[in-house]
Amino acid sequence: MPPPVRYQAGNGVEWVAIHSDLFTAISTLALGLMISLHASKMPRWHAGIPGPAVFPLIIGVALILLSVANIVLSLRGRSVSRGKSSAKELLKALWIAGVSLGYSLLLKPIGFVVLTPVYVCCLVAGLVDWVTVRQEKAQVRVVVEMILLGGAVTAAVVLVFAKVFLVSLP
Amino acid sequence: MYYLQLLITIAIGVLGGIFVGSIPGLTATMAIALLVPMTFYMEAVNAIALLMAIYIGAMFGGSISAILLGIPGTPAATATRIDGFPMSKKGRAGEAISIAAMASFIGGLVSLLVLSTVARPLAKLSLNFQSPEYFALAVTGLTLCISLSSENVLKGLVTASLGLFLATIGLDELVGLERFTFGRLDLFDGLPFIPAMIGFFGFAELLIQAEQILDQRRVAQEITRVLPGLKDFRAILRTSIRGGLIGTVVGAIPGTGGNIAAFLSYDITRRLAKDQGRDKFGEGHPQGVAAAESGNSGVTGGAVIPLFTFGIPGDSVTAVLLGSLLIHGLRPGRALFEQQSTLVSLIFASMLASNVLMLFGGIFLSRFYAKVLSLRDHYLVPIIAVLSFVGAYSIRSSLFDVGLMLGCGVTGYVLTKTGYSTVPLVLGIILGPTAEMNFRRSLLVSGGSLTIFFTRPISLVLLIVAMAFLASSLIQKTRDSSKRSKVRDQAEAA
């Protein structure tokens, strides 16, 4: 069995990676407290029927107990996370999440047909490793391909959803 | 005309499923989650047939990249790689794909046979079920899923609790009081399930895959001869039937999935092989490919058994399928078989058609799929992202749902990266209403006493099974964790 990698607190990403278990467990603990607090204000019996508070209260208490156990395990270094990401990898995920957030906020004011090709191009631009695509010719090819992809994806979605299934796109 | 339309729908689903399964990183769950909004506008039979076709196609599709690239297209194809890739390196890539297609077909057929035989009598059993039994069944399904799909049982319990909590959002069905809506009208009918599912299974997986994007074309092994010899075909027949049966049984246990079935089938086949043959496993043995593929394809029918009979999904794909059934107003159980028997028969027939089309598509289109594998990842990510947005928006034409999908996606990404499986979470959302309503109804009958769950035999047995599974996997995983800590401490001391 290979020994698990233990990260040294070198840079920010590694620090986050080491403590991610703890942060998640603290977040679920906070959520458990919120659920319990909110549920405690609801009736436990309502007109002779077990009230709406019963089930959320059980879930809230369970979440608190489980989160405390996870915090203890995490502090003792016994909790195992799925593969940690390098800074470069994490940036790719952050780029997609950030661009997608912008896309969802601008969808209504700008509209699907105009915004989607831009969104697709932004995603591709962030995912292509421009360092390896050094030649000018290759760079032009990537740009042309992403513009074509943006147009094609938008056209296909409009055709299928708006024309066939009659969904009104934003 | 109707049947032709259904057949075309199935063909599109199978070919699409093979495509999705063959691309490493794209999973059947992701594809189905993204397509569920589209099926909202279809007839129930066509919708379920399309989703099942994608499931069946994707289960086989994973083997194509496992054989041609040495990279399993889906987790279920990991065992196929063991003998498939060495066969491919020996210049037998086409034969390996054909063997995989034949074994998948036989495995799928066996599981369909078991499904159609067992499902109706099992559904009748649900006549004996009342509120305490339904609550116990939901708890058992959830705990089995946690025990088998989570690396860490405690974390699995956390995500299941999160799912159960999300299911309580909205107006309480029994007394009509709002819960956790924070005044938002969009949440009064409950948490929109489809956008949440697209977020957890589609967008979260997209973020994880984006981290591992290869910025180069994949190079697939060349395909020459396609059909295997008669000797190989004879050898794989018995293996595939056995694999199909193993897959069906494994698939029927909630939380297992194709990966476990494929490895179990492969291991049993290797053990049963004669001494000389056993050494050839791992070096490109056709029976190795057949065992793995029939095992994972057997799951497709097996996972549907608890779904159709009790409304308990066998894996993440059937969890999404359950959502689709509910969208079309179909409630699994005895009523489904009695009131919608034509629909159930049509779904079974469409599964048979999917398996047949998968066989021919797998054998004769393997050269085309080899070309598809050279598609660059950074062109796939935007397509999935746009489909996630459109899928989330299209159900209610609501931008709130888009935001919800995004939020669930990012949450799913963080949870997955920190070792929390999102499968129990989604299952919690699906089973939450069943669990809560039946829990409260049981308390109403018993006057608030919890003993009602332990004095009824079926409920008691189900709860004992649930607790036994949970306790055993908790002990097993605590032992594994202690071993890992010891190894780490020894490595650090050295």
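3J(HN,Hα) along the stretch B:41-52: 9, 9, 6, 4, 4, 4, 4, 5, 4, 4, 5, 5 Hz, from the Karplus curve 6.51 cos²θ - 1.76 cosθ + 1.60 with θ = phi - 60°, whole Hz, x for Gly and Pro. Ranked from largest, the principal axis spans of the Cα set of the stretch B:60-196 equal 66, 38, 29 Å. Residues of the stretch B:406-423 buried by at least 50 Å² of accessible area upon assembly of all protein chains, compared with the chain on its own (1.4 Å probe): B:Leu406, B:Lys417, B:Thr418, B:Tyr420.
Surface composition of the stretch B:233-384: carbon plus sulfur atoms contribute 60% of the solvent-accessible area (1.4 Å probe, protein chains only, all chains present).
Taking amide H as placed 1.01 Å from N in the peptide plane, B:Glu178 has its amide H under 5 Å from the amide H of B:Asp172, each at least 5 places away in sequence or on another chain.
What chain B shows is 37 Å² of accessible area per residue, with the surface traced by a 1.4 Å probe over protein heavy atoms.
Here is the P(r) of the protein assembly as shown: all C-alpha pair distances, binned every 10 Å from 0, give 3, 15, 25, 28, 20, 7, 1, 0 in whole percents.
With the highest mean first, a sort of the peptides B:427-439, B:342-354 on other beta-carbon atoms found within 10 angstrom per residue produces B:427-439, B:342-354.
Translational diffusion coefficient of the stretch B:31-86 at 20 °C, 1.002 mPa s, Stokes-Einstein with Kirkwood Rh over Cα pairs, in µm²/s as a whole number. Stokes-Einstein gives a translational diffusion coefficient of 176 µm²/s. With semi-axes defined as the square roots of five times the eigenvalues of the C-alpha gyration tensor, the equivalent ellipsoid of chain B measures 36, 25, 24 Å, largest first.
Computed in the context of the full set of protein chains, the accessible area of the stretch B:63-103 at 1.4 Å probe radius has 61% of its extent on carbon or sulfur.
Using a probe of 1.4 Å on the protein chains alone, the accessible area found for A:Trp130 is around 90 Å². For B:Tyr41, the solvent-accessible surface with a 1.4 Å probe is about 90 Å², rounded to the nearest 10.
Evaluate the Kirkwood expression for the hydrodynamic radius of the stretch B:273-355, namely the inverse of the mean inverse distance over all pairs of different C-alpha atoms, and round to one decimal in Å. So the Kirkwood estimate lands at 15.0 Å. Our coupling estimate for the stretch B:197-202, obtained by passing each phi through the Karplus curve with A = 6.51, B = -1.76, C = 1.60 and θ = phi - 60°, is 5, 4, x, 5, 9, x Hz, Gly and Pro reported as x. Accessible surface ranking for A:His46, B:His378, 1.4 angstrom probe, highest first: A:His46, B:His378. The eigenvalues of the Cα gyration tensor, multiplied by 5 and square-rooted, give the stretch B:222-368 an equivalent ellipsoid with semi-axes of 33, 18, 12 Å from largest to smallest. When chains A and B come together, the accessible area they lose, probed at 1.4 Å and totalled over both chains, is close to 6500 Å².
Between the stretch B:401-434 and the stretch B:263-300, the C-alpha centres lie 35 angstrom from each other.
Taking only the Cα atoms of the stretch B:1-123, the radius of gyration and Dmax are 15.7, 48 Å. On the principal axes of its alpha carbon atoms, the stretch B:407-494 extends 62, 35, 18 Å, with the longest extent given first. Assuming 1.306 mPa s and 10 °C, estimate D for the stretch A:22-161 with Stokes-Einstein, Rh taken as the Kirkwood radius over Cα pairs, in µm²/s. It comes out at roughly 80 µm²/s. Counting only DSSP H runs of at least 4 residues, each contributing -39500 (n - 2.57), and dividing by the residue count of the protein assembly as shown, the helix-based mean residue ellipticity at 222 nm comes to -24500 deg cm²/dmol.
The values are calculated or read from the model by the stated rules, or taken from the named source; none is laboratory data. In this text, all values refer to a predicted model and were calculated from it rather than measured experimentally. Please note: Cβ atoms are built from the backbone with ideal geometry, for glycine as well, and neighbour counts cover all protein chains shown. SASA here: full protein model, heavy atoms, side chains in, ligands and nucleic acids out. Shrake-Rupley method; radii C 1.70, N 1.55, O 1.52, S 1.80 Å.
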